[in-house]
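The values are calculated or read from the model by the stated rules, or taken from the named source; none is laboratory data. Values in this document were obtained by computation on a predicted structure and should not be read as measured data. Neighbour counts run over all protein chains shown; Cβ positions are idealised from the backbone, glycine included. Each accessible area value is taken on the protein alone, full model and side chains, heavy atoms only, with ligands, DNA and RNA left out. Shrake-Rupley method; radii C 1.70, N 1.55, O 1.52, S 1.80 Å.
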Amino acid sequence: MKYKSTRGDVNGLGFSDALLMGLASDNGLLIPEEIPDVSNALAEYRTLDFIGLAQALMPLFIDDIDRATLDRLVSESYATFAHDEVIGWRQLDNIAVMELFHGPTLAFKDIALQLLGKLFQHVLSERGERLNILGATSGDTGSAAIAGVRGQDNVDIFILFPEGRISPLQELQMTTVPDANVHCIGVQGSFDDCQRLMKTVFSDAAYKAKYSLGAVNSVNWARILAQIVYYAYASLRYPDGARFSVPTGNFGNVFAAYIAQRMGFPIRQLLVATNDNDILARFFATGTYARGDVHQTLSPAMDIQVASNFERFLYYHFDEDSARLRRFMEEFAQHGEASVGSPPAPSLLNAMAIGRHETLAAMDSVQAKYGYTLDPHTAVGYAAAQKGGLEDAVVVATAHPAKFPDAVSEATGEQPTHPTLEALVNQPTRKDDLAADLDAVKAYVALRATTQG
């Protein structure tokens, strides 16, 4: 399997090169040159557990790491998860909740980033190289990425997060990590500022090469690959086709489901559930992708107005026409909006925005009716499924409710806890504060990055 860029100037990369490149050198996003068709293997896949399915699917996309090694890396990645089957499942009448929060940082990002950390470690060790990871987080990616690479001697990690705009527990999950290869940076601005700074740094090819920069955000194809597995696994419960409601910020999570459907897994509908930061809901309703103001909400990991993974979807929407995609992205960058004309047909993908009141009401009603606690992101997905009439939907639960105790308390009067999070309180913290300034970020990384020996 080889990889290419959505923007057309990069192609023929092996998986390991794509892994380390992260963001394509032409500023596009890397995708496989072809999507495997697994439709004839579904019966066999239904006999596999989660790890077995991951081990079956990974070699379809990774052919430059030998099978035994790849199987071991997959198995090791999920060995520390608290659930025997890696993901949990809770049935609430006709709606099912797929729990993706049983990893070390209690968020769905762990499923991808535990594997990504193992892949980085293996590839870098094989090549005798090191990497400086630069990432931006709206809450969960940072701690999950840090957990995946902390203490590694061939990786340093720099995480930008919007100061004061993530939950206190999310911040503690990053800033209490004592390992010397971890650098947490509170940026005075929004997550979109953090993401813009990160992508602009990566667009400086000379700087990226000098400091051996790599990406852990969902711009890295390996993140998408790992996420495909749980959609594949869940869809096999529904021979007639699963319908997923996915809380969505950067579009990476729901894009993984989109690829799983294109591979032939039984998926018949994807609901893109957003909060008041509704750029994606507006796009699927109108065909216009238009930046708006960033609103702080109960679900901060979704407080995003520019969805970095959306470019991958647009590439396929434009029938893999890189020139058309490039024009669209250039227009959006220049004017803050661009249009595809008519909105995409809603046969597979649809979208819905859920406000604060609806989020709180969903958390309260589920707690009262089922004794089950939703975090505010999962509540957006649940409310969207109900509002959209997806009574048999699979709602993707992206975080443990204990990560957002204030929102849960406001909705239900309950105060969720978790031992992993309780242990963080009163621990020493480390972080640095920076303005949302490109030169400041580049100087910070340059001072602390470890370059090739």
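Among Leu197, Leu169, which is the only one that is touching a Pro at 6+ places or on another chain (Cβ under 9 Å), touching a residue at least 60 places away in the same chain (Cβ under 8 Å) and outside any loop (DSSP other than H, G, I, E, B)? One residue alone meets the criteria, Leu169.
Across region 178-199, the number of residues qualifying as open to solvent by 10 Å² or more (accessible area, probe 1.4 Å) and of a type in the set (Val, Ile, Thr) comes to 0.
Restricting attention to region 438-453 and to residues that are charged (D, E, K, R) and in contact (Cβ under 8 Å) with a residue 24 or more places away in the chain, the residue that is surrounded by the fewest Cβ atoms within 10 Å (Cβ to Cβ) turns out to be Arg448. At least 3 residues being over 21 Å from the mean Cα position of the chain (by Cα) is the threshold, and among the strands (runs of 3 or more DSSP E) wholly inside region 41-138 those reaching it are 88-92. Of the residues making up region 414-424, those that are assigned to a loop (DSSP other than H, G, I, E, B) and open to solvent by 80 Å² or more (accessible area, probe 1.4 Å) number 3.
Evaluating Thr105 against the criteria (1) modelled with pLDDT of 95 or more; (2) of a type in the set (Val, Ile, Thr); (3) farther than 18 Å from Ala242 by Cβ leaves one unmet condition, (1). Checking each residue in region 31-54 for being open to solvent by less than 10 Å² (accessible area, probe 1.4 Å) and in contact with a strand residue (DSSP E or B) (Cβ under 8 Å, 6 or more places away or on another chain) picks out Ile31, Pro32.
Taking every residue in region 117-137 that is within 16 Å of Asp156 (Cβ to Cβ) and among the charged types (D, E, K, R) and pairing it with any residue that is at pLDDT below 95 and outside any helix (DSSP H, G or I), at least 6 positions away or on another chain, the pairs with Cβ-Cβ distances below 6 Å are Arg130/Asn154. Of everything listed in (1) in a loop (DSSP other than H, G, I, E, B); (2) closer than 30 Å to Val229 by Cα, the single unmet condition for Gln386 is (1).
For Asp156, indicate whether it is in contact (Cβ under 8 Å) with a residue 60 or more places away in the chain, closer than 22 Å to Leu20 by Cβ and open to solvent by 10 Å² or more (accessible area, probe 1.4 Å). The answer is yes for Asp156. Within region 82-121, being in contact with a Leu (Cβ under 8 Å, 6 or more places away or on another chain) and open to solvent by 40 Å² or more (accessible area, probe 1.4 Å) holds for one residue alone: Lys118. With the structure loaded, tell me whether Ala209 is without any contact (Cβ under 8 Å) to a residue 24 or more places away in the chain and in a helix (DSSP H, G or I) or whether it fails that test. Considered against the rule, which asks whether it is without any contact (Cβ under 8 Å) to a residue 24 or more places away in the chain and in a helix (DSSP H, G or I), Ala209 comes out as yes.
Taking the criterion of being among the acidic types (Asp, Glu) and more than 24 Å from the chain's Cα centre (by Cα), the residues of region 379-431 that qualify are Glu391, Asp392, Glu410, Glu414, Glu422. Selection of region 15-30 for residues being under 21 Å from Gln121 (Cβ atoms), open to solvent by 10 Å² or more (accessible area, probe 1.4 Å) and assigned to a loop (DSSP other than H, G, I, E, B) yields an empty set.
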